[in-house]
Structure formats: C-alpha cells, structure tokens
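**Q** Handing you a structure now.
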Amino acid sequence: MPERNSVEIKSVSKVFGFGEYAVAAVDHVSVSIRENEFFTLLGPSGCGKTTLLRLIAGFEFPSRGEIVLAGENIAAMPPYKRPINTVFQNYALFPHMTVAENIGFGLQMLGRPKAEISARVSEMLKLVRMEHLAGRRTSQISGGQQQRVALARALAPQPKVLLLDEPLSALDYKLRKEMQIELKRLQAETGITFIFVTHDQEEALTMSDRIAVMSSGKILQIGSPHDIYDTPADRFVADFIGETNFLAAKVIAPGEGNATVELASGLTLNASAGPGLSAGDAATVVVRPEHASLSRPDAAIVLPALSGAVSNVVYFGTDTHYHVHLDGGETFIVRSQNRVMRHDPFETGDPVKVVFEPGAARVLRT
Amino acid sequence: MAERDALSLIEAERRRDIRSRWLLSTPALLIILFAALGPLFIVLVYSFLTPGDYGDVKWTFSTEGWVSVFLQRDIFDDTLTIADAHLTIFWRSIKLSLMTTVVTLIVGFPTAYFIATRSERTRELWLFLITIPFWTNLLIRTLAMLVVIRNEGLINTMLIRFGLIDQPLQMLFTDGAILAGMVYVYLPLMVLPLYASMEKLDFRLIEAGYDLYATPFRVLTRIIIPLVKPGMIAGSILVFIPSLGAYVTPSILGGGKNLMIGNLIELQFGAGRNWPLGSALSIALMLIVMVALLAYVRNAGSSGVKHG
C-alpha cells in the first residue's frame, strides 16, 4: 500500500512568553503523519503534545516552522478554514443546541444545503448509535453519549484529519475500554487520519498505528507500539511506557545496534542498544518485568542471572509482582502470570535468582 | 398511637418552621411595607385628589390629575385636547432610554468580553476600574460632563484651538448631551451583569465554533450571544429602568427645555404645585416600566436560551 503523508510538521516550534521567561512548549518538532493513520502523541502533562495538537487545529500559530496539509502550508491559516476537526477533552458541546443541531453545526457553517445536512446528521447519529437522542439537549445525556456526539460533530464535515485531545480521560474505566474499540471502528469505517493525544500509555499502545513519545516539547521516539515498547530509544521512553527495571551498567564494547556491558553485579551481557553509547560510559540496562523470571538459587541456569531475595509479593489477580532486592542493592520487579496450579510459590525473604534472556535486555544512555 | 404522635410531631415541626421563616423575614417585610408599598399607596391616593393652592392636596376626589397626564383642558372653554407637551416628554424619555440601553450594550459588550478574557488577576483590576465612577456623586459626575461639553468647555476650546471650527458647537442642552450623560452614568450597570455571564462562558465553545468552520462573526452571533443573553437582558433592564426615570442628568445636561419624565414629575411637586398630576405621572411611569419589562422579558424569553 503506498503511504501518502496527510500532515507534515516541519521543524515547528511554539514559544510562549518573552525574553528570559520564554518557554518552548513545542521545540523544533518534525513529524510526518500518514494518510488514514491512527497516530498518537503520547507524553506526560506539559510535554507539549496538546500545544502541538492546537497548532495543527489552528488555535495557536507556530513561532517557527511549517505545517503542511495536502501540499499547502497551513501554519498561518485560521482554524475555520482548515479541513481539520477536533474532539475536545471536555467535548465542548454547544449547550444551547440539541444533539442534532450540534452535529449539523459544521455543515451549516460550510453553507451546505439543508437536505444534505439533515441526511448527513442522520448518518452520523447512526454511525455513533445515537439516533434515539437526536432532539435532546446536550445537558440531558450522559458523559459517554456526549463523547459520541462530540465525535459525530467532528466527523460530520468529513475532515481530512480528526484531532482528538484526550477524549477518553473523563470516562470511567469500562466506558473508556468500550470507546477505545469504538474509536478504532470509526477510524476504520471513515478512513480519516486520526491524531490522538493522550498521557495514557496503555491507551496509546492498544489503539495506535504509530506513536510519537514527547517530553519537554520534543519528540523522543516515533514508532509502532511494538517498537516503542520493545526497543525504546532512551531511558525516558522506557520509563514512561509500561513498567520496567533499570540496572546500572558500564559500556565495555559498543556495537552496531547492540552493546556489551558489565552490570554492577559483575555480570557481562550483550544486548540491543539505543544510540549514543561509547566504551567506558555509564549506561542503563532495561528489562521489562514480564520478560524475567525467578529461579531457586540452586537451579542450574545458563542464562544471565542476578541473585537477590524476594522483598515483597504483590498479587494482581492475573499476575503477581515479585519485588527482588538484588545483592548489589538495586530492586528488580518480576511479573509472573498466575496459573491455576501453583506449586512451590516464592515468598517474602526467599533467596532467588532473577533470570532473563539477553534478548529481553536493552542498553540505553543514562 | 405511635403513628399519630409521629404525625403530630411532624406537624409541629412544620409549624415551627413556618413561624421561624416569617420571623426571619419580618425586617425585610417591614421595610417593603413602610418604605415601598406605603408611599406607593399614598402616591396612588394623591393622584385622585385635588391640588392645594400652595402645593399639597385637598381631600376632594378628582380624576383631573389622571386626565391631565395625556390631555389638557383649554383655559377658556374647558375643551380637552391631547397634551402634546406631555406626550413629547414621554416619547423623549422612552426614546432616550432605549438609545441609552442600545449604546451601553454596544459599548459594554466588548468591554465585558475584554475583561472576561483577561487573566484572573488582571480581571479584578479591570472590574475595579469599572466601579471607580461609583465613588463620585452622580451630580458631580454630571457637572463634570457639563464642563467638558459646554460652549466654552474642553471639547469646543480644543476644536477651535486646532482650527477645526470657528463657532463653538452647541452640544449642551441637547438630547445628544442627555444621551451621552446617561450612557456615561449607566454603562457600569451594563458591563457588570454582562461580565458576570461572560465570565461563566466556556471559551472552549468558541474554539469549537472556529473548529467547525464558523467565522469570527458567526461565532459571535451563533455561540457567544445566545450564551450570554441572560446577561444582556439583565444589563438592559438595569439600564433601561433608571434611564426612564432619570432626573439629574436631563436637568443638568438637557437644560430647561429638554425635559424627561423625571423632570416633569419634579416640576409638578415643585413649581407646578400640582401634586395629583405629579402622582399620576409617577404611577404612569411605573406602568410604562412594567409593560416594557413584561414585553421585553416575554420576547427575550421565547427566543432566548433555555439552559437545562
């Protein structure tokens, strides 16, 4: 499938404030978002993801750089001229209009004929399964329903790009799960490029085609959920996405995409590595809790192993987290899936060995 | 029976509740009774009496006061004709009050919007500045206005100095002067309720409007105005009612010939020595206000917003 770019962000910066108080909320960001892609901007609050979204929507204008949509630089175009619609975090439904009037508003502003508007509104109501509530005021429907109306309102004018600003954050857990599936369905059915902003890494991993992880106004890594989770580019990404263990190490021999390092315990291992490592550097080895397992100290092991003692056992239903106090003083968490037959469980105080395949480890700059 | 005891307890509780509510509202009720309804009743009674020779009233029933609100009796043959002077004054009052309301709305709307869109800390400062005119007596503020617009005043002196005009412009003692004075005096009464409803406005709705292809003008007419309508109505009422009964501003800036209802009433109680007519005019003014309010509220209510 040929991949065409939908939105290209070229070296965009957004600076707030003046002089010494100036803060770059978005700092020289470049990213190309493909057509029909579910693209997620992920990062902690204040990382600039919402500002970047507002720049694309046109509520803010970049201090520097270009935003290109369908070959045209739209960086200075007012929002009401951009073929881009937004689903707002708080939905921002018009309280003085009915559900149907809200959905039809965009088309009405575009000056479409009445018959077309009402046909499109019905179509949208059907798409989000809200036909029975068309005449209601927006204050008379539930949060989940408001969410659907906000989606329908933004999709009704058939935008080239749909922006979603943490649209699920106000919903409770079950509804959020439902809406995640609903959003994926809508994206597949409409074929519109979705740019989704969230701080919820789980949401990002389950829904996105590609994720851009942001911090302090910069994009740290762009990749598929798989890439981001399994081969984080740096320590921040590894820490922000999922749970992970950090082990202090020293680089012995950096290679192409991998490196040999020595851990504090004296263990040497060769693992895949992020950029910017040179021999003698301090580095961090990251291992996901579910990629490691526990063994009794006397078991015969050929894999890299770290010895320590179980300091805490936390039961989560589907799995159990073992906190292991390593001999070197570091703490390592091992996640083990619970099975029906559990013989010989590890208990607090048990001496253990933490075992993982070299492929599970990744070396990153500290 | 336990059930009956419970019922009588509830009943006793309810009575005590009602009694304490009445007790608590007694001061307010007394003030309304003696300071508002009482005088109003006296005015109503006076309007049906005969004028005394040196002011005051004679206790003889007469409808003459009410008749002369709109009609005048010829001094020679007692024929009744329409009281043109009164009608002119009523019309001027209504016209000037409506214009004051419209102008304060046009000026106050962007002002309130400006304040509501400032940061929370600077908003307080702006509101404080809006209330500064209230610190000075109305009479003094009106006299200051007179100093600015009179023939030898600031504006005329400047215009002549810069050679833009040879003769001073007659601004004082015109309807325009009254209008300017009333707009100046009543503007804060428009800005404050407008601000109160704009402050509650969710500005993300404005962004949502822009996002959905509404131009700035469409955002104003389709989103902002419908949502701040309650403030526009409250502000209009607060400006229109006192404008209609304005006395100080028209008497200073309008001079002797551009009377408004307030001045006409004052004239009857003072130099005119016709208290029944003054009373009848006062009641008539009140009726005009009530009719205007009812019409306005009903009209605004039917086309306005119903917030769930």
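**Q** Can you spot a residue in the stretch B:89-100 that is free of Cβ contacts under 8 Å to residues at least 40 places away in the same chain and more than 15 Å from residue B:250 (Cβ to Cβ)?
**A** no
**Q** Those residues that are among the hydrophobic types (A, V, I, L, M, F, W, C) and free of Cβ contacts under 8 Å to residues at least 24 places away in the same chain, I need them from the stretch A:116-133; list them, please.
**A** A:117, A:119, listed by residue number.
**Q** I've got another one for you. Test each condition in (1) modelled with pLDDT under 90; (2) of a type outside the set (A, V, I, L, M, F, W, C); (3) not in a loop (DSSP other than H, G, I, E, B) for residue A:243 and report the one that comes out false.
**A** Answer for residue A:243: the failing condition is (3).
**Q** Hey, another quick one. I'd like to know if the stretch B:143-152 contains one or more residues that are acidic (Asp, Glu), more than 14 Å from chain A (Cβ to nearest Cβ), open to solvent by less than 60 Å² (accessible area, probe 1.4 Å) and farther than 30 Å from residue B:221 by Cα.
**A** no
**Q** What residue, among those in the stretch B:256-274 that are in a loop (DSSP other than H, G, I, E, B) and within 17 Å of the chain's Cα centre (by Cα), is surrounded by the most Cβ atoms within 10 Å (Cβ to Cβ)?
**A** B:260
**Q** Restricting to the stretch A:171-212, count the residues that are of a type in the set (Ser, Thr, Tyr) and open to solvent by 20 Å² or more (accessible area, probe 1.4 Å).
**A** The total comes to 3.
**Q** Six or more apart or on different chains, Cβ atoms under 7 Å: show the pairs whose first residue is in the stretch A:164-185 and at positive phi and whose second is open to solvent by less than 20 Å² (accessible area, probe 1.4 Å).
**A** A:166/A:197; A:166/A:198
**Q** Residues to consider are B:228, B:248, B:239, B:289; find the one that is closer than 29 Å to residue A:107 by Cα, in contact (Cβ under 8 Å) with a residue 12 or more places away in the chain and either open to solvent by less than 30 Å² (accessible area, probe 1.4 Å) or in contact with a helix residue (DSSP H, G or I) (Cβ under 7 Å, 6 or more places away or on another chain) (or both).
**A** B:228
**Q** In the stretch B:175-221, which residue that is more than 20 Å from residue A:58 (Cα to Cα) and within 14 Å of another protein chain (Cβ to nearest Cβ) is most open to solvent (accessible area, probe 1.4 Å)?
**A** Only one residue fits best here, namely B:200.
**Q** Checking the condition basic (Lys, Arg), surrounded by 14 or more Cβ atoms within 10 Å (Cβ to Cβ) and assigned to a loop (DSSP other than H, G, I, E, B), which residue from A:153, A:148, A:112 passes?
**A** Matching residue, one of A:153, A:148, A:112: A:112.
Residue-by-condition table, conditions (1) within 17 Å of the chain's Cα centre (by Cα); (2) assigned to a helix (DSSP H, G or I):
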position: B:68; (1), (2): no, yes
position: B:76; (1), (2): no, no
position: B:88; (1), (2): no, yes
position: B:98; (1), (2): yes, yes
position: B:102; (1), (2): yes, yes
position: B:110; (1), (2): no, yes
position: B:118; (1), (2): no, no
position: B:122; (1), (2): no, yes
position: B:130; (1), (2): no, yes
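For (1) in contact (Cβ under 8 Å) with a residue 40 or more places away in the chain; (2) open to solvent by 50 Å² or more (accessible area, probe 1.4 Å); (3) among the acidic types (Asp, Glu); (4) not assigned by TED's automatic domain parsing to the domain that holds residue A:350, each residue gets a yes or a no:
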| site | (1), (2), (3), (4) |
| --- | --- |
| A:260 | no, no, no, no |
| A:264 | yes, yes, no, no |
| A:269 | yes, no, no, no |
| A:272 | yes, no, no, no |
| A:311 | no, yes, no, no |
| A:318 | no, yes, no, no |
| A:322 | no, no, no, no |
| A:326 | yes, no, no, no |
| A:333 | yes, no, no, no |
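**Q** Sticking with this structure for a sec: Does residue B:233 fit the bill of being under 24 Å from the mean Cα position of the chain (by Cα), within 14 Å of chain A (Cβ to nearest Cβ) and open to solvent by 10 Å² or more (accessible area, probe 1.4 Å)?
**A** no
**Q** Quick check, is residue B:249 among the polar types (S, T, N, Q) and away from chain A (no Cβ under 11 Å)?
**A** yes
**Q** In the stretch A:65-82, which residues are assigned to a loop (DSSP other than H, G, I, E, B) and facing chain B (nearest Cβ under 9 Å)?
**A** A:78, A:82, listed by residue number.
**Q** Filter the stretch A:31-54 down to residues that are touching a Lys or Arg at 6+ places or on another chain (Cβ under 6 Å), buried (at least 18 other Cβ atoms within 10 Å of the Cβ) and not polar (S, T, N, Q) and give me whichever is modelled with the lowest pLDDT.
**A** Among residues in the stretch A:31-54 that are touching a Lys or Arg at 6+ places or on another chain (Cβ under 6 Å), buried (at least 18 other Cβ atoms within 10 Å of the Cβ) and not polar (S, T, N, Q), the one modelled with the lowest pLDDT is A:43.
The values are calculated or read from the model by the stated rules, or taken from the named source; none is laboratory data. These figures come from a predicted structure and were not determined experimentally. Cβ sites come from the backbone with ideal geometry, for glycine too, and all protein chains shown count toward neighbours. These area figures cover heavy atoms from the full protein model, side chains too; ligands, DNA and RNA do not enter into them. Shrake-Rupley method; radii C 1.70, N 1.55, O 1.52, S 1.80 Å.
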